[in-house]
1. Just one of 195, 208, 199 is modelled with pLDDT of 95 or more, under 20 Å from the mean Cα position of the chain (by Cα) and within 24 Å of residue 34 (Cβ to Cβ); which is it?
2. Can you tell me how many residues within the range 35-48 are farther than 21 Å from residue 72 by Cα and either more than 15 Å from the chain's Cα centre (by Cα) or surrounded by fewer than 24 Cβ atoms within 10 Å (Cβ to Cβ) (or both)?
3. For the range 1-57, what are the residues that are among the aromatic types (Phe, Trp, Tyr), touching a Phe, Trp or Tyr at 6+ places or on another chain (Cβ under 9 Å) and under 21 Å from residue 117 (Cβ atoms)?
4. Of the conditions (1) aromatic (Phe, Trp, Tyr); (2) within 28 Å of residue 29 (Cβ to Cβ); (3) surrounded by fewer than 17 Cβ atoms within 10 Å (Cβ to Cβ), residue 232 clears all except one; give me its number.
5. Out of curiosity, is residue 215 within 22 Å of the chain's Cα centre (by Cα), farther than 20 Å from residue 271 by Cα and in contact (Cβ under 8 Å) with a residue 12 or more places away in the chain?
6. Take residues that are farther than 30 Å from residue 116 by Cβ, β-branched (Val, Ile, Thr) and touching a helix residue (DSSP H, G or I) at 6+ places or on another chain (Cβ under 6 Å) and tell me which of the helices (runs of 4 or more DSSP H) falling wholly in the range 173-283 contain 1 or more.
Amino acid sequence: MVAIEWDRWLPAPAKLNLFLHVVGRRSDGYHLLQTVFRLIDCADALSFGPRADGMIALETPIPGVTDDDNLVLRAASALRDRAGGRHGVTIRLRKEIPVGGGLGGGSSDAATTLLALNHLWGTRLPAADLAGIGVGLGADVPVFLGGVNAFAEGIGERLTPVLLPPAWYLVLVPQVSIPTREIFADPSLTRNTPAIKIAAFFAGQQTANDLEPVVCRRYPVVAGYLDWLSRFARARLTGSGACVFAEFSSQDEARSVLQQLPAAMRGFVAMGLDRHPLESVQR
């Protein structure tokens, strides 16, 4: 358990999509998905300092991300508005999760912000209220608030907790940032994959990431990373990319493949988590 205190660094773990099917589209344009989210131990870190002037400030902005688009600032503002308070905070962020890689870094940072400030500000909103704020920020935020691996449906907000076996992952990081909206807007994207049941996933039914063909066509560098990794294990895209990954049964096996990575490529080994480090805060 990680205690939430002012000025203490708190984790915001990344996620992988073990598969991602686009099963339909709502009348408002949002895509209907099925996916399994797996938390991993690659994580950003955030700390929160009190301030008396009522301002919400991010001391360490992310290059290329405006304040209006920054999910950390939006999360803090949304929580304060929902609670009707006049709280202020200085937020510091250490980025380890690649930006635009499909690992959910921005969403995880937003979730950690909501969990931490809900405690530090004493707003004490229940989990359902935080989840409502989270889905308004982004479809991946609720799974980080939920705190456990999950089978997700809808736009990603309908979560069923799942128990996943221990696993290690080799994650490769192509040097490109992929805008999610661009991929979902592509006319060639498959939008009618038949829905599956949770039991079918665990029984080994063939799954895929429906975004992968679009990403590979638009970003050949991602296709190259997938081709290389597929020499060693089943390689998959996570989210809308750009990161790709493969699952291994041991850390040694994953590190052995990482050691063979060409010098021009980047990657890291991560352990699959059962729970978010701040999961107990939601109890």
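The values are calculated or read from the model by the stated rules, or taken from the named source; none is laboratory data. This structure is a prediction, so every number in the text was calculated from the model and none was measured. Every residue, glycine as well, gets a Cβ built from its backbone with ideal geometry; the counts of neighbours run over all protein chains shown.
1. Matching residue, one of 195, 208, 199: 208.
2. Total satisfying the criteria: 1.
3. Of everything in the range 1-57, those that are among the aromatic types (Phe, Trp, Tyr), touching a Phe, Trp or Tyr at 6+ places or on another chain (Cβ under 9 Å) and under 21 Å from residue 117 (Cβ atoms) turn out to be 6, 48.
4. Looking at each condition in turn, residue 232 falls short on (2).
5. yes
6. Correct list: 180-184, 212-218, 220-229.
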